[in-house]
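K.L.:
Take this structure first; my questions come after.
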Amino acid sequence: MTQDVLDTIIGSREAAADPQAAQAHYQAALAAEANGQREAAIDELRQAMQRGDNPEHQFKLAYLLDLVGEEDEAVAVYEQLCARDQPHINALLNLSVVYEDRGQINEAEKCLRQILDTNPNHQRAREYMKDVQGSRNMFYDEEHARDLVKRNALLDTPVTDFELSVRARNCLKKMQIRSLGDLLRISEAELLSYKNFGETSLTEIRTMLAVKGLRLGQGLEGQYTWARKQIYDQLRGRAPEGLLGKSISVLELSVRARKALQHLGIQTLGDVATRTEAELMGVKNFGATSLTEITLKLTEYGLKLRTLE
């Protein structure tokens with residue numbers, strides 16, 4: 001089943017959707033697999049795909065295709081699963097392995113990053129990421145090298161090349177922000193704290209960066225990665241990993257406190273525990289009341305914010 005055939009199956013499904021029939025074919029596939037009849041199981045699963053859009057049916061098909069050596073077909077189904085609004089986690093994991101085996105290191109890393117961005121404590125994804133990054137160091141990745149050259153060229157672009165107002169230009173010059181890279185390494189709060197720099201100039205710069213798919217503070221995000229990893233390693237010795245991976249929704253925070261955490265990209269209790277009071281207080285409209293709220297909520301789970309030594 002190539003991509004063309006997969007597209008045909010999807011078209012047939014839209015014309016004859018029948019979830020009950022799809023489930024019947026799925027059960028038949030499980031029975032065939034149990035009897036060692038993988039090819040028959042694959043045929044049943046293809047029919048299930050024609051009649052329904054159940055991700056578990058599709059994942060089972062991709063998994064069996066991979067087992068019988070039909071890698072291209074398996075990848076086509078895995079990629080369809082990973083393109084969903086809510087990607088199938090195991091499909092992302094398996095697809096990353098296939099990509100790595102094919103030497104498509106960037107694609108493998110992207111799959112794992114989709115998991116780790118929302119669940120940084122996912123054990124298998126973290127282990128796979130170590131393998132993928134190790135593979136990157138084993139050979140010269142031409143695509144990655146080209147991307148790196150283009151990225152560095154973009155970051156070295158002088159801010160004077162962009163259409164900004166005189167006030168915004170003068171403020172950036174006085175703050176010694178000379179390149180796009182410099183601009184990405186400063187936060188909104190730092191800009192607003194500078195004399196004569198107001199919301200109008202901030203909006204102007206935000207808009208300019210958004211056109212390029214960038215945002216203020218983006219260059220700061222990687223600086224704390226290693227420190228947070230060390231904190232995670234320490235926390236695992238004192239708290240269950242299942243607790244650290246819990247969503248911040250369990251804290252039942254106020255809207256303001258919750259939005260502040262979301263602004264920092266914080267998704268789990270473990271994420272919160274790697275942040276300092278200063279990092280939280282640096283978020284616009286985040287005050288002492290919200291800080292106290294988060295601190296008390298973390299205490300209920302035996303956790304606390306990171307302190308600087």
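Rule-based calculations on the coordinates, nothing more; no lab input. Here the structure is a predicted model, which is why all the values come from computation and not from measurement. Because the Cβ atoms are built from the backbone with ideal geometry, glycine has one as well, and the counts that use them run over all protein chains shown.
K.L.:
Given a cut-off of under 8 Å on Cα pairs at least six residues apart, what relative contact order in percent is computed for the range 151-216?
P.N.:
Once divided by the residue count of the range 151-216, the mean separation gives 34 percent.
K.L.:
Using θ = phi - 60° and the Karplus form 6.51 cos²θ - 1.76 cosθ + 1.60, what ³J(HN,Hα) does each residue of the range 36-49 get, whole Hz, x for Gly and Pro?
P.N.:
Values, residue by residue: x, 9, 5, 4, 5, 4, 5, 4, 5, 5, 5, 5, 4, 5 Hz.
K.L.:
Name the long-range amide H neighbours of Ser179: under 5 Å, sequence gap of 5 or more, or other chain; modelled H, no Pro or chain starts.
P.N.:
Val159
K.L.:
With a 10 Å Cβ neighbour count serving as the proxy for reagent exposure, in which order, fewest first, do Leu172, Leu216 appear?
P.N.:
Leu216, Leu172
K.L.:
Convex hull volume of the Cα atoms in the range 3-136, per residue, in Å³?
P.N.:
Convex hull volume per residue, Cα atoms: 110 Å³.
K.L.:
Given Lys110/Lys304; Lys259/Lys304; Lys110/Lys130; Lys259/Lys297, which pairs have Cα atoms separated by over 22 Å?
P.N.:
Lys110/Lys304
K.L.:
I want to make sure I understand the PRE zone here: with the label point 7 angstrom from the Cα of Arg206 toward its beta carbon, which residues in the range 152-193 have backbone N atoms less than 15 Å away?
P.N.:
Backbone N within reach: 187-193.
K.L.:
Another question about this same structure. Hey, what does the equivalent ellipsoid look like for the range 151-216, semi-axes from the Cα gyration tensor as sqrt of 5 times each eigenvalue, largest first, whole Å?
P.N.:
Ellipsoid semi-axes (Å, largest first): 17, 12, 11.
K.L.:
Using Cβ counts within 10 Å as a stand-in for footprinting exposure, how do Ser249, Ser179, Ser290 rank, fewest first?
P.N.:
Exposure proxy ranking, most exposed first: Ser249, Ser179, Ser290.
K.L.:
List Cys82, Cys111 from most exposed to least, where exposure is judged by having the fewest other Cβ atoms within 10 Å.
P.N.:
Cys82, Cys111
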